[in-house]
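**Student:** First the structure, then my questions, so here it is.
The values are calculated or read from the model by the stated rules, or taken from the named source; none is laboratory data. All values reported here derive from a predicted model rather than from experimental measurement. Quick reminder, even Gly has a Cβ in these numbers, built from the backbone with ideal geometry, and neighbours come from all protein chains shown. Surface areas here come from the heavy atoms of the whole protein model, side chains and all, with no ligands, DNA or RNA. Shrake-Rupley method; radii C 1.70, N 1.55, O 1.52, S 1.80 Å.
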Amino acid sequence: MAITINSVPPNYSTANDDLFFVVSSTNTTQTNFKYVFAVSIGGSVVATIKQFPDPSNLKGIFNASAIVRDYLTTNFKPTTPGSLFEHTGTDGLVSYSIGFGEEYGGTEYPNLVTGTWNAYNTTAELFPANGAPLLASFVSNWMTERDLGDVQSAFGEPLHVSWMNASGSSINTTASIQVYNENGTAAGTPAISGSWPLNAFSFLDISPSAINQTIGAGTIPSTAFKYGIRLNYGSLSPEIMVRLVCSPKFTPVTLHFLNRLGGFDSFGFRLINKQSREFTRNTYQRNSWQYDSGSSSVKLFDSYRKMNPGVITNASQMSVTYKLRSDMISAANFNWLGQLIGSPEVYMFQNGYYFPVTIKTTNWEQKIKYLDKMNVLELDVEYSRKLNGQFR
Amino acid sequence: MKTQIFLEGFELDLDGELSSEFTYSVDDVVDFASRNTSFSKTIVIPGSTRNNKLFGHIFDFGNANNHNPNVANVGANFNAAKSAQCVIMNDHIQIFKGVLRLLEIVIDAGSIEYECAVFGELGGFMASVGNKKIEQIDFGITNHVWNYNQIVGSWDNVSGGGVYYPLIDYGRVSVNNKNDWNFRAFRPALYVKQYVDKIITGSGYSYECDFFNTDFFKRLIIPCNTELSRSDNNAFNATANVATYTTNNYPAFTPTTAGNFTLVGSVWRYNGTQPLSGNLKLRLYGQITDVFPNPAPVTNVIVSVQHNGTNVAQQTFPVFSEPWTYFVNFDVPVTLNPNDTINAFVSSTANVYNVSDGQLSVESSAVVIVPVNYGETFSINSTIPKGVFQKDFFASIVKMFNLYVTEVPNKSKHLVITPYSDYYLNQYASFTDNLLQVEGTNLLVPDTGDFLLIDQDVAGAAILDWTNKLDRSKPIRLKPMSELNGRYFEYKYKSDGDFYNEQYSKKYGIGYGDFIEDTGFEFARDVQTADIIFAATPLVGYNGQEKVYSTIFKLSNTNVEDQTEHVIRIMQAKKIEGLTNGWHIKTDSGNAGAQLNRYGYAGHLDDPDNPLSDINFGAPKELFFEITTGYPAANLFNSQWSEYVAEITDKNSKLLIANIMLNPIDIFNLDFRRLIYIDGSLWRLNRVIDFNPNSNETTKCEFLKVINLTY
């Protein structure tokens, strides 16, 4: 066989960074030799790439990431009313095949060697090491880097989190909910959910409303101080501790966002959140005189004695932005929320619906636990729709 | 998001409301004889995942997707060199339909952007036609035999389809003092309508055009502009006559492809000007029925193939008894020089012999161009003028007949083609009547409860009142057309070097069939030209001859007619009947058929004896034949262009440039055929410039003042 695969990307590689394949051939001395890489997704060829051999080593070096990443999807699929296990599937990874072939002498020899790989929707790593990619350490774990011991929620407010199994596997899983007293002691025994077959990626709502909806009313009583949630997939997951908050002084705004691991997180801004609006308007000018058919004359006013306008506002638009302020948060949560500022998919929960918003804030600076005691996150968020005024 | 762009039916992602601007136009009165299509400024489309997929990941440096032209130009099949169907909607109202062209891919800091532009259907059509030539058109006509019946039969059906064999004097094709004509004067011609049909439909478009179905248009033809020839390896091919020969050494053959060979005595002479290398082949089968001396015990008969009288292959048949069967099959390399001869030969020892079957041929080692002779078969497609781009052909037809090519909003890849004279909605009469009825008392016709002259339900309106749409806060400009047009408008056929065209242009300083209109504008000095790819063809008649025919030859210094290759021509065809003097179509050896009292005419006039229409732009200053009924006024300028020119060259002709409050519905209903009424004046909409569907701003428009509704 003429083609040999020399190297491929490691498992759990992200599609948002390079996915290099290196191949070699015994035919590189042929006239007009090119390597052919046919990328298939879902059984269909989506792109064919032809490259001359690298002149220094005659290898074919192909980076599949720019093509593969176009097929990534996310799994933000909340249900109404919310439930603990909302969605499970393989969203968040792309399974792609590459047929490695050759072309020389004007003839193409496709698919001499083929293979299939997975790529994931994580961000590129800041300090990529030679070891396993970032996501490899989140297999069978919560797909979040928030402070698991310091999560807040309120009744009626969704609280999303994602879970990852070994890719491609489906595992029957239960949830264990333990209510805790204010002094940290367990209040009663854990409530156990029914069993759910969870696929590679799962999207959960661990808010008290969703848990009560799924396991039973009163699982989380309104008087509870906090509760913990674990998943049992044969082993027990780390516990997420959720503290209930209530009677807010200000109207909270909750954002739900794609985190850097490809999962979704939720965070409530519970201090003063302000809305602001910016208006634009368009005008044009027409004759102030108009023909009046009743009197067969030309007049400056109409039959209702309204003077005809010269300049007319024919359209106006407004854009809506919010300045959101968090309550005091830990340095760990502040640092985790850096992912919110970089997130490309953010929703604002309002009146039971998720409205896409764009984060306008562009800067973030790390907080150090022993240095920065009082951490408040302020964000500028723009509502993604421009609103029409009244046309005329 | 109000704006949506659909590429081959798939919606593209946009990174905001479309800020691109669209210009709509069918004509540009400032650019004489040009035709315009709608277009956009550059549209920047983000490299989102969906868009990357729809553009087939073309951003990848090594992208080399396979392309199937029969599949939608999108996804892994996307080819940036081909147009892709595109529809742009604003608030679900179609504001643009045509094709999208990918201009550039910008990768900036890892972010991909596609810079595109869209063009209207005419632009898409021209892009689809691309650089195809008319010789690439497959007319689907089976091969023809060039003979009397084919030629004469074609004159009976001048209907825009099929093949017509006109009489054209190509030089040295007349016999008997221009009365009889060699078959070579009747080269095949295809109809212009066939060309136009094939050009449009061959590019995947459909069209509607009443003008193309008129008798006038259906009699336009394009004659073959070169000597009829074939190009293949078959330089000569002749079938042996089934016959019995007595004391005759030369069996006879009838050519199926004579090429450059003629029969001289009993041998075939090569008349080419260059040496011909190839293979000389003889296959001959028959019986020797009498030999001399009688076979006692044996007489040898030699059968051979000869080159210049010398055997180059031979076989000896010892005849022991009579009859004796012979069969030869020779294939020998040969190089024939001009005037060399070839023939089959049977030695004189065969006193009587017959031939049952056989073939004499020369197969050239390289492809050769050989003339088609009388009775031979040729491919119609080989007679199409060479080197002419389809887009130039189509553009020339558009210019000749001042055609407007527009589109309809609800039909994709469909052209509506209309002459200028029929383009504007023909409801002037009722409009004028209304004006006249109220003139002096009330110029504006009230439309109940509305300020508009014509209701804004535009579906049936011929005239729209945009008085209240005019933005008076923006500058309003009026330009006299005398500042925009040239002094002279030239309508030109392509010049050619044949005798009559050259003589005419030397004598008069203008080409035969050309026309120059002097606008009289004092401040304009330049010339604006409408030129076409066709050359004009002078008609010539001779004393004592009834027939008048197009003439395309050169004259040598000794006044001998020489045939010449010539520029593509366009003519009107008609069967002319009732000649008092009979005449014949001649082969090289005699009459091809019965005497004729009719002929297949083709020329710039519809009928040389009683002309009513002329496809010259202007009347010639000199005719090369006698005309008794008067020269027709209905030439191309008068019939197709004069109204248009009158509108743009009148002393009161003006271009109004003003901003109009247009919305997507106005654009969807945009119809340049409708006249626009503003502040008591009537205008033709010339262009909508840089319409931005999302700006809510007024749009600059150009209007040409209506001078007269009818002429």
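**Student:** Assigned to a loop (DSSP other than H, G, I, E, B), among the hydrophobic types (A, V, I, L, M, F, W, C) and more than 14 Å from chain A (Cβ to nearest Cβ) - does that describe any residue in region B:459-481?
**Tutor:** Yes, some residue in region B:459-481 is assigned to a loop (DSSP other than H, G, I, E, B), among the hydrophobic types (A, V, I, L, M, F, W, C) and more than 14 Å from chain A (Cβ to nearest Cβ).
**Student:** Spot the failing condition for residue A:320; the list is (1) hydrophobic (A, V, I, L, M, F, W, C); (2) more than 25 Å from residue A:245 (Cβ to Cβ); (3) open to solvent by 70 Å² or more (accessible area, probe 1.4 Å), and only one is missed.
**Tutor:** (3)
**Student:** Are there any strands (runs of 3 or more DSSP E) wholly within region B:77-148 with 3 or more residues that are of a type in the set (D, E, K, R) and in contact with a strand residue (DSSP E or B) (Cβ under 9 Å, 6 or more places away or on another chain), and if so which?
**Tutor:** B:93-108
**Student:** Turning to a different aspect of this structure: If we only count strands (runs of 3 or more DSSP E) wholly inside region A:1-101, which ones have 3 or more residues that are in contact (Cβ under 8 Å) with a residue 24 or more places away in the chain and among the aliphatic types (A, V, I, L, M)?
**Tutor:** So the answer is A:34-41.
**Student:** What tally of residues in region B:55-73 results from selecting those that are open to solvent by less than 20 Å² (accessible area, probe 1.4 Å) and closer than 16 Å to residue B:99 by Cβ?
**Tutor:** Total satisfying the criteria: 2.
**Student:** So is residue B:78 under 33 Å from the mean Cα position of the chain (by Cα) and modelled with pLDDT under 90 or not?
**Tutor:** Values: under 33 Å from the mean Cα position of the chain (by Cα): yes; modelled with pLDDT under 90: no.
It is false that residue B:78 is under 33 Å from the mean Cα position of the chain (by Cα) and modelled with pLDDT under 90.
**Student:** When you go through (1) crowded, with 22+ Cβ neighbours inside 10 Å; (2) within 20 Å of the chain's Cα centre (by Cα); (3) within 14 Å of chain B (Cβ to nearest Cβ) one by one for residue A:75, which number turns out not to apply?
**Tutor:** All conditions are met except number (3).
**Student:** Residues in region B:134-156: is at least one more than 30 Å from residue B:375 (Cβ to Cβ) and hydrophobic (A, V, I, L, M, F, W, C)?
**Tutor:** The answer is no; no qualifying residue exists.
**Student:** Scan region B:203-235 for residues that are among the small types (Gly, Ala, Ser) and touching a helix residue (DSSP H, G or I) at 6+ places or on another chain (Cβ under 8 Å) and jot them down.
**Tutor:** Across region B:203-235, the qualifying residues are B:203, B:204, B:206, B:229, B:231.
**Student:** Also, I was wondering about something else. Considering only region B:371-419, state which residues are within 30 Å of residue B:592 (Cα to Cα), under 11 Å from the mean Cα position of the chain (by Cα) and surrounded by 21 or more Cβ atoms within 10 Å (Cβ to Cβ).
**Tutor:** Matches in region B:371-419: B:384, B:385.
**Student:** Going by the structure shown, is residue B:253 touching a residue at least 12 places away in the same chain (Cβ under 8 Å), buried (at least 20 other Cβ atoms within 10 Å of the Cβ) and within 30 Å of residue B:564 (Cβ to Cβ)?
**Tutor:** Answer is no for this residue.
**Student:** Go through B:643, B:697 for me and flag whichever is open to solvent by 30 Å² or more (accessible area, probe 1.4 Å) and either assigned to a loop (DSSP other than H, G, I, E, B) or more than 30 Å from residue B:516 (Cβ to Cβ) (or both).
**Tutor:** Selected residue: B:697, the only one of B:643, B:697 that is open to solvent by 30 Å² or more (accessible area, probe 1.4 Å) and either assigned to a loop (DSSP other than H, G, I, E, B) or more than 30 Å from residue B:516 (Cβ to Cβ) (or both).
**Student:** Is it true that residue B:91 is in contact (Cβ under 8 Å) with a residue 24 or more places away in the chain, within 14 Å of another protein chain (Cβ to nearest Cβ) and over 30 Å from residue A:50 (Cα atoms)?
**Tutor:** yes
**Student:** Report those strands (runs of 3 or more DSSP E) wholly inside region A:126-215 carrying at least 3 residues which are open to solvent by 10 Å² or more (accessible area, probe 1.4 Å) and in contact (Cβ under 8 Å) with a residue 12 or more places away in the chain.
**Tutor:** By residue number, A:171-180.
**Student:** Same structure, new question: For residue B:340, which of the numbered conditions (1) farther than 29 Å from residue B:370 by Cβ; (2) among the charged types (D, E, K, R); (3) crowded, with 16+ Cβ neighbours inside 10 Å fails to hold?
**Tutor:** For residue B:340, the exception is condition (1).
**Student:** Could you check, for region A:19-30, whether at least one of its residues is in contact with a Leu (Cβ under 8 Å, 6 or more places away or on another chain) and either exposed (fewer than 15 other Cβ atoms within 10 Å of the Cβ) or within 12 Å of chain B (Cβ to nearest Cβ) (or both)?
**Tutor:** no
**Student:** Among (1) facing chain B (nearest Cβ under 10 Å); (2) open to solvent by 50 Å² or more (accessible area, probe 1.4 Å), there is one condition residue A:48 misses while meeting the rest; what is its number?
**Tutor:** Failed condition: (2).
**Student:** Filter region B:172-205 for residues that are over 21 Å from the mean Cα position of the chain (by Cα), buried (at least 20 other Cβ atoms within 10 Å of the Cβ) and outside any strand (DSSP E or B) and give the result.
**Tutor:** If the condition is that a residue be over 21 Å from the mean Cα position of the chain (by Cα), buried (at least 20 other Cβ atoms within 10 Å of the Cβ) and outside any strand (DSSP E or B), then B:173, B:183, B:184, B:185 are the ones that fit.
**Student:** Regarding residue B:659, is this residue away from every other protein chain (no Cβ under 14 Å) and either open to solvent by 40 Å² or more (accessible area, probe 1.4 Å) or in a strand (DSSP E or B) (or both)?
**Tutor:** So residue B:659 does not fit the description; no.
**Student:** Report every pair of residues separated by at least 6 positions or lying on different chains whose Cβ atoms are under 6 Å apart, first residue within region B:126-142 and farther than 9 Å from residue B:198 by Cβ and in contact (Cβ under 8 Å) with a residue 24 or more places away in the chain, second part of a loop (DSSP other than H, G, I, E, B) and charged (D, E, K, R).
**Tutor:** Short answer, once both residue conditions are applied: B:135/B:386.
**Student:** Pairs needed: first member in region B:627-640, over 21 Å from residue B:544 (Cα atoms); second member anywhere, open to solvent by less than 60 Å² (accessible area, probe 1.4 Å) and of a type in the set (Val, Ile, Thr); C-beta distance under 9 Å; at least 6 residues apart or different chains.
**Tutor:** Close Cβ pairs (under 9 Å, with a partner that is open to solvent by less than 60 Å² (accessible area, probe 1.4 Å) and of a type in the set (Val, Ile, Thr)) amount to B:635/B:615; B:636/B:615; B:637/B:645.
**Student:** Same structure, new question: Condition (residue is among the small types (Gly, Ala, Ser), farther than 29 Å from residue A:191 by Cα and open to solvent by 30 Å² or more (accessible area, probe 1.4 Å)) applied to region A:245-262: is it met by at least one residue?
**Tutor:** No, every residue in region A:245-262 fails to be among the small types (Gly, Ala, Ser), farther than 29 Å from residue A:191 by Cα and open to solvent by 30 Å² or more (accessible area, probe 1.4 Å).
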